[in-house]
Amino acid sequence: ELKGIVFVIQSQSNSFHSKRAEDLKRDILKQAVDLGKELPTVLLIHQINRHEGAWTILPLMTDFSVTYGRNTSWIFFCEEDTRVRVVKLLETLRRFDKSKEWFLGKALYDEESTIIHHYAFAENPTVFKFPDFAAGWALSIPLVNKLAKKLKSEPLKSDFTIDLKHEIALYIWQKGEGPHLTPVPEFCTDDVNSYKADDCATTFSNFLPLCGEPVNKEDVFVAVKTCRKFHGDRIPVVKQTWEREAALIEYYSDYADISIPTIDLGIPNTDRGHCGKTFAILERFLNHTSPKTPWLVVVDDDTLISIFRLRKLLSCYDPNEPVFLGERYGYGLGTGGYSYITGGGGMVFSRTAVQKLLASKCRCYSMDAPDDMVLGMCFSGLGIPITHSPLFHQARPMDYPKDYLSHQIPVSFHKHWNIDPVKVYFTWLAPNTEESRNGKKVGYNREDL
């Protein structure tokens with residue numbers, strides 16, 4: 001029965017995202033009414049629990065078990081852009097014995113071991129399957145109850161949350177003692193208008209959000225963090241690829257090089273962390289750029305980014321809100337930690353967010369502290385939630401499953417390690433992948449990468 005399913009939408013409190021989640025909730029409830037069914041429970045994660053780590057889902061298992069453990073069959077999770085066909089979902093779940101432990105989803109796997117999964121299953125990474133959240137995924141109540149019991153006796157220990165879908169699958173698998181993910185072909189990431197969609201219980205919108213005109217080029221100030229030792233190899237890549245998309249761009253270094261040109265902020269280079277440099281960039285943005293420029297993007301010199309796509313994405317956000325946007329990681333969330341935007345994929349700030357941060361006096365505890373983590377800690381202390389977008393990437397395209405990237409229009413990738421970064425940019429991020437460069441048409445096939 002439909003009332004035996006609890007729908008959990010992986011929502012966020014930012015106004016753009018919460019509206020999307022509310023729209024999906026309304027759609028699910030409307031489908032239930034149209035079917036003449038008793039209404040199911042539909043929860044929005046950002047409303048369930050004010051706990052900073054609610055987005056990591058596992059800490060919610062105890063609440064799910066207590067509240068729904070007796071009169072429910074399934075907890076079904078989906079993203080705000082997942083589209084659910086309730087009739088087909090009911091049909092699909094009926095195939096599985098709800099009295100047993102089930103972990104259902106669309107299976108992703110690594111083709112080669114990857115840093116974002118700590119090189120797990122290095123001998124053969126294809127053996128371990130984890131769910132594509134965009135397609136929706138489900139846990140049977142007996143499995144929820146078992147996880148809740150385990151969490152009581154063994155609290156979550158991991159310091160970092162990096163790729164939630166992989167980490168949840170590992171936790172459920174319990175080194176072989178728990179269930180593997182069971183692939184369900186009806187959980188799809190095909191577009192709702194695709195010819196395949198008729199067989200799908202879920203579909204996913206494969207598009208870059210656009211909420212009106214893209215923001216103007218002059219509305220985005222880009223700060224590139226670099227240092228003297230990378231001027232010769234990394235900066236030329238930026239200039240060959242995405243620099244032309246940025247109307248306002250400055251390079252910040254430990255050495256003023258007029259040929260680039262770089263600006264020496266007077267902060268010595270540190271081997272790691274760069275907190276002092278990043279806060280100096282924030283101060284400079286607030287005090288030395290036009291107050292009419294609403295957005296700041298801070299990237300590393302080995303970040304590959306599409307400013308063209310970012311301008312489309314930013315049309316969905318209100319710069320009068322304190323927005324801190326990028327790829328979300330977590331630190332110590334089981335023990336009162338915080339979420340943060342990982343720096344390599346690019347960190348996007350509204351001017352309002354920078355103003356609130358610098359007014360707070362929250363600063364680096366050392367010059368070489370990890371800047372992205374300190375920022376996460378500061379915003380958490382201010383009660384300003386970070387905003388996650390899966391379109392920003394801390395790693396290279398080959399570090400993600402092909403099937404996962406196939407339903408994305410990415411905004412960024414990071415690192416030049418063992419790749420041709422210019423080729424990666426023109427394949428994945430150029431405004432048009434048949435981008436004209438030096439008068440020649442350049443087109444690459446994503447499959448080559």
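The values are calculated or read from the model by the stated rules, or taken from the named source; none is laboratory data. From a predicted model like this one, the values you see are computed outputs, not experimental measurements. In this analysis, Cβ positions are derived from the backbone assuming ideal geometry, glycine residues included, and neighbour counts consider all displayed protein chains. The area values use the complete protein model at the heavy-atom level, side chains included, leaving out ligands, DNA and RNA. Shrake-Rupley method; radii C 1.70, N 1.55, O 1.52, S 1.80 Å.
Looking only at residues that are modelled with pLDDT of 95 or more and β-branched (V, I, T) in region 410-449, which one is surrounded by the fewest Cβ atoms within 10 Å (Cβ to Cβ)?
Step by step, filter region 410-449, then rank; the result is I419.
Okay, residues lined up against (1) over 24 Å from G343 (Cα atoms); (2) part of a strand (DSSP E or B); (3) touching a residue at least 60 places away in the same chain (Cβ under 8 Å):
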| site | (1), (2), (3) |
| --- | --- |
| N193 | yes, no, no |
| K196 | yes, no, no |
| V237 | no, no, yes |
| Y251 | no, yes, no |
| Y255 | no, no, no |
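What about G136, is it on the phi > 0 side of the Ramachandran plot, surrounded by 22 or more Cβ atoms within 10 Å (Cβ to Cβ) and either among the aromatic types (F, W, Y) or outside the structural domain of L333 (by the TED database) (or both)?
yes
For region 255-269, give me each residue that is open to solvent by 50 Å² or more (accessible area, probe 1.4 Å) and more than 19 Å from H416 (Cβ to Cβ).
Y255, A256, I258, S259, P261, D264, G266, P268
Which residue out of G344, G330 is in contact (Cβ under 8 Å) with a residue 60 or more places away in the chain, on the phi < 0 side of the Ramachandran plot, buried (at least 19 other Cβ atoms within 10 Å of the Cβ) and not in a strand (DSSP E or B)?
Answer to the check: G344.
Right, L210: among the hydrophobic types (A, V, I, L, M, F, W, C) and either without any contact (Cβ under 8 Å) to a residue 24 or more places away in the chain or assigned to a loop (DSSP other than H, G, I, E, B) (or both) or not?
yes
Which of (1) touching a helix residue (DSSP H, G or I) at 6+ places or on another chain (Cβ under 7 Å); (2) surrounded by 14 or more Cβ atoms within 10 Å (Cβ to Cβ); (3) hydroxyl-bearing (S, T, Y) does S99 not meet, given it meets every other one?
(2)
When you look at R83, is it open to solvent by 40 Å² or more (accessible area, probe 1.4 Å), under 24 Å from the mean Cα position of the chain (by Cα) and modelled with pLDDT of 95 or more, yes or no?
Taking the combined requirement at face value, the residue satisfies it.
State all residues of region 107-119 that are open to solvent by 30 Å² or more (accessible area, probe 1.4 Å) and of a type in the set (D, E, K, R); if no residue qualifies, say none. Steps first, answer last, please.
Within region 107-119, the subset open to solvent by 30 Å² or more (accessible area, probe 1.4 Å) is 109, 111-113, 115, 118-119.
Across region 107-119, the qualifying residues are E111, E112.
Can you tell me which residue among L310, L358 is assigned by the TED database to the domain that holds I409, open to solvent by less than 40 Å² (accessible area, probe 1.4 Å), within 16 Å of the chain's Cα centre (by Cα) and at pLDDT 95 or above?
Numbers: L358 fails: within 16 Å of the chain's Cα centre (by Cα).
Unique residue meeting the criteria: L310.
Just the residues that are within 25 Å of the chain's Cα centre (by Cα) and among the acidic types (D, E), please, taken from region 95-151.
D110, E111, E112, D132
Does F187 meet the test of being of a type in the set (F, W, Y) and in contact with a Cys (Cβ under 8 Å, 6 or more places away or on another chain)? Give the derivation first.
Working: of a type in the set (F, W, Y): yes; in contact with a Cys (Cβ under 8 Å, 6 or more places away or on another chain): yes.
Answer is yes for this residue.
Mind checking which residues of region 270-301 are touching a strand residue (DSSP E or B) at 6+ places or on another chain (Cβ under 8 Å), surrounded by fewer than 21 Cβ atoms within 10 Å (Cβ to Cβ) and assigned to a loop (DSSP other than H, G, I, E, B)?
R272, G273, T289, T293, D301
Sort out which residues of region 1-39 are open to solvent by less than 50 Å² (accessible area, probe 1.4 Å) and hydroxyl-bearing (S, T, Y), and write them in order of number.
As a first pass, look at region 1-39 and keep what is open to solvent by less than 50 Å² (accessible area, probe 1.4 Å): 2, 4-12, 14, 16-18, 20-21, 24, 28-29, 31-32.
S11, S18, listed by residue number.
Give me the pairs, please: first residue somewhere in region 416-437 and assigned by the TED database to the domain that holds Q240 and at negative phi, second residue anywhere and open to solvent by 40 Å² or more (accessible area, probe 1.4 Å) and at pLDDT 90 or above, beta-carbon distance under 6 Å, and either six or more positions apart or on two chains.
If the second residue must be open to solvent by 40 Å² or more (accessible area, probe 1.4 Å) and at pLDDT 90 or above, the pairs left are V422/Q240; P431/F308.
Looking at (1) open to solvent by 60 Å² or more (accessible area, probe 1.4 Å); (2) of a type outside the set (G, A, S); (3) more than 23 Å from R244 (Cα to Cα); (4) assigned to a loop (DSSP other than H, G, I, E, B), which one does P319 not meet, given that it meets all the others?
It is condition (1) that P319 fails.
Answer yes or no: is there a residue in region 199-211 that is open to solvent by less than 40 Å² (accessible area, probe 1.4 Å) and out of contact with any strand residue (DSSP E or B) (no Cβ under 9 Å at 6 or more places or on another chain).
Taking every residue of region 199-211 in turn, at least one turns out to be open to solvent by less than 40 Å² (accessible area, probe 1.4 Å) and out of contact with any strand residue (DSSP E or B) (no Cβ under 9 Å at 6 or more places or on another chain).
Output the residues belonging to region 53-71 that are surrounded by fewer than 20 Cβ atoms within 10 Å (Cβ to Cβ) and not in a helix (DSSP H, G or I).
Answer for region 53-71, where residues must be surrounded by fewer than 20 Cβ atoms within 10 Å (Cβ to Cβ) and not in a helix (DSSP H, G or I): G69, R70, N71.
Return the residues of region 335-357 that are touching a strand residue (DSSP E or B) at 6+ places or on another chain (Cβ under 9 Å) and within 18 Å of D159 (Cβ to Cβ); say none if nothing qualifies.
Correct list: G337, Y338, S339, Y340, I341, T342, G343.
Only strands (runs of 3 or more DSSP E) wholly contained in region 78-191 count here; list those with 2 or more residues that are small (G, A, S).
In region 78-191, 137-140 are the strands (runs of 3 or more DSSP E) which contain 2 or more residues that are small (G, A, S).
For region 7-32, which positions are in a helix (DSSP H, G or I), under 23 Å from P131 (Cα atoms) and touching a residue at least 60 places away in the same chain (Cβ under 8 Å)?
If the condition is that a residue be in a helix (DSSP H, G or I), under 23 Å from P131 (Cα atoms) and touching a residue at least 60 places away in the same chain (Cβ under 8 Å), then H17, R20, L24 are the ones that fit.
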